[in-house]
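The next block holds one structure in the form of structure tokens; read it before the comments.
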Amino acid sequence: LTPELPDHSLDTAGKNKLTFEVLSDVGNKVAREYGIVFQMTDGVAKAMRAGAKTHLRNGDESDELPLAATYVIAPDGTIAWAFLDADYRNRAEPDDVVKALGALKSKH
């Protein structure tokens, strides 16, 4: 899930040879519901606008981004497992996600 506009999210998926579907969350609507949106500082926002062109890719001037998060959602819509880290370089370990999915499967 990315705040990028749909055309840009498709471009990102292609450039990175992703083998999964990338969904567009324009305006961070879903991320906001999960409480994971943050406001970039002025200095970071200026750098991101100049380098990554976030204002163009995301289609807004909000200077907001979602934290990198991974969720395993149960069939009833509850969060069965979550990983969240303020440092975007830290991501959920695939083995941990697979274990969480296995645990969820054994419950249902």
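The values are calculated or read from the model by the stated rules, or taken from the named source; none is laboratory data. Owing to the predicted nature of the structure, the values given are computational and were not obtained by experimental measurement. A quick note on method: Cβ atoms are made from the backbone with ideal geometry, for glycine too, and the neighbour counts reach across all protein chains shown.
Numbers below:
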| quantity | calculated |
| --- | --- |
| Boolean, V37 is in contact with a Pro (Cβ under 6 Å, 6 or more places away or on another chain) and either modelled with pLDDT of 95 or more or not small (G, A, S) (or both) | yes |
| The lone exception for T54 - which of (1) surrounded by fewer than 16 Cβ atoms within 10 Å (Cβ to Cβ); (2) modelled with pLDDT under 95 it fails | (1) |
| Hits in the stretch 26-59 - residues which are touching a residue at least 40 places away in the same chain (Cβ under 8 Å), closer than 26 Å to A82 by Cβ and in a loop (DSSP other than H, G, I, E, B) | I36 |
| Conditions (1) modelled with pLDDT of 95 or more; (2) surrounded by fewer than 16 Cβ atoms within 10 Å (Cβ to Cβ); (3) of a type in the set (A, V, I, L, M, F, W, C); (4) under 17 Å from the mean Cα position of the chain (by Cα); number of the one not met by L10 | (1) |
| Yes/no for D25 being at pLDDT 95 or above and among the acidic types (D, E) | yes |
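Quick grid of which residues meet (1) more than 18 Å from the chain's Cα centre (by Cα); (2) assigned to a loop (DSSP other than H, G, I, E, B); (3) closer than 23 Å to T2 by Cβ:
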site	(1), (2), (3)
Y71	no, no, yes
F83	no, no, yes
D87	no, yes, yes
N90	no, yes, yes
A100	yes, no, yes
L104	yes, no, no
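For (1) buried (at least 16 other Cβ atoms within 10 Å of the Cβ); (2) in contact (Cβ under 8 Å) with a residue 12 or more places away in the chain; (3) basic (K, R), each residue gets a yes or a no:
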residue	(1), (2), (3)
E61	no, no, no
T70	yes, yes, no
T78	no, no, no
L84	no, yes, no
D96	no, yes, no
L101	no, yes, no
